[in-house]
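The values are calculated or read from the model by the stated rules, or taken from the named source; none is laboratory data. What you see is a predicted model; the values in this text were computed from it and never measured. No Cβ is skipped: glycine too gets one built from the backbone with ideal geometry, and neighbour counts run over all protein chains shown.
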Ligand code: PHE
């Protein structure tokens, strides 16, 4: 075997070995220079052709050209394979895995007072009532005067109150945070006339602050104005409301009471939803067996007239209840402050919230 054949075989096998251990396109570029570059192994052989005799030269030239083609082809193939692998690796690095499950948010829920409000409003809507709203910053005129509570009236003391202007300065036009939802009675009568059936939920404000009273709390007012309204309709409506809200038939009693804007006035007690009157040590009813839930009465003719309606033709009834208290009774919340301090964990800690 000729010297050239040996050299060709030598170059081929050392190239194959070097190519086999090349793993990057940069490495491949170096390999190309080492074999096919100006001082490369193959170039050196090609240069040595000139030392051969003219007879030997063509054959040797053909052998070396074939070798060059082979090396170029191998380099090109390898280059394609390495480029593909490098592209794939780069793509994998940049890829965003859209199949990653989302972190999720806990499902929200209504505040217990809002839920209570929705439940009561929906029962009252079933009895033909619409929802009416009024401002929380109210005029003395609507909050007190129109409701038969002139400035000297002692019943004001029970609700006194956050004034936004000096009541003595501005008379009945002075502003205050409403102490109850009853001014919405007047505003609604003036706006819609009779007949009228409305419920008015909303925030009210009084100067109280202890474990069972908050300076802001929620009330729901009811008002019905029609012809020949009897007290029995009022009783029936409220019993329907209480039994519907608590989901069972509860004993009830109507006790005589006093409000300047109703005559006669009553308070509604229901049987204790916690002990049913059976536990003398019950903390919810304080052992009395009864819970006071609602003030009510037949609307005073003065109030009907303040609402722009003829009290000779129309009469009706009104009631007002504390939504916070209703929520506490239904959901077994034992401190009013849990409703306002934003401590959600209290409501998630396995209490019997239906
Ligand atoms: N406004 C009364 C209060 O806040 C409740 C009430 C409303 C009583 C309607 C009778 C009729 O105490």
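Does the range 235-253 include one or more residues that are surrounded by fewer than 21 Cβ atoms within 10 Å (Cβ to Cβ), part of a loop (DSSP other than H, G, I, E, B) and within 16 Å of the ligand (Cβ to nearest atom)?
No, the range 235-253 has no match at all.
So, in the range 26-45, how many residues would count as being surrounded by 16 or more Cβ atoms within 10 Å (Cβ to Cβ) and either part of a helix (DSSP H, G or I) or not assigned by TED's automatic domain parsing to the domain that holds residue 90 (or both)?
Number of matching residues: 8.
Take residue 165 and decide whether it is buried (at least 21 other Cβ atoms within 10 Å of the Cβ) and in the same structural domain as residue 325 (by TED's automatic domain parsing).
no
At least 1 residues that are touching a residue at least 60 places away in the same chain (Cβ under 8 Å) and within 16 Å of the ligand (Cβ to nearest atom) in each: list the helices (runs of 4 or more DSSP H) lying fully within the range 269-354 that qualify.
301-306, 323-331
Is the range 326-349 home to any residue that is under 24 Å from residue 232 (Cα atoms) and surrounded by fewer than 14 Cβ atoms within 10 Å (Cβ to Cβ)?
So far as the range 326-349 goes, no, none of its residues is under 24 Å from residue 232 (Cα atoms) and surrounded by fewer than 14 Cβ atoms within 10 Å (Cβ to Cβ).
Out of (1) in the same structural domain as residue 24 (by TED's automatic domain parsing); (2) free of Cβ contacts under 8 Å to residues at least 24 places away in the same chain; (3) farther than 22 Å from residue 24 by Cα, the odd one out for residue 103 is which?
(1)
Check the range 206-213 and report whether any residue there is assigned by TED's automatic domain parsing to the domain that holds residue 265, modelled with pLDDT under 85, in contact with a helix residue (DSSP H, G or I) (Cβ under 8 Å, 6 or more places away or on another chain) and within 16 Å of the ligand (Cβ to nearest atom). Spell out how you get there, then give the answer.
If we filter the range 206-213 for residues that are assigned by TED's automatic domain parsing to the domain that holds residue 265, which is where we start, we get 206-213.
Among the residues that remain, those that are also modelled with pLDDT under 85 are: 208-213.
The next check asks that each one be in contact with a helix residue (DSSP H, G or I) (Cβ under 8 Å, 6 or more places away or on another chain); those that pass are 211-213.
Checking the rest, the ones that are also within 16 Å of the ligand (Cβ to nearest atom) come to 212-213.
Looking through the range 206-213, at least one residue is assigned by TED's automatic domain parsing to the domain that holds residue 265, modelled with pLDDT under 85, in contact with a helix residue (DSSP H, G or I) (Cβ under 8 Å, 6 or more places away or on another chain) and within 16 Å of the ligand (Cβ to nearest atom).
Which residue is modelled with the lowest pLDDT, if the candidates are limited to the range 138-174 and must be touching a strand residue (DSSP E or B) at 6+ places or on another chain (Cβ under 6 Å), more than 13 Å from the ligand (Cβ to nearest atom) and part of a loop (DSSP other than H, G, I, E, B)?
Filtering the range 138-174 for residues that are touching a strand residue (DSSP E or B) at 6+ places or on another chain (Cβ under 6 Å), more than 13 Å from the ligand (Cβ to nearest atom) and part of a loop (DSSP other than H, G, I, E, B), the one modelled with the lowest pLDDT comes out as 165.
Somewhere in the range 171-189, is a residue without any contact (Cβ under 8 Å) to a residue 24 or more places away in the chain and exposed (fewer than 14 other Cβ atoms within 10 Å of the Cβ)?
no
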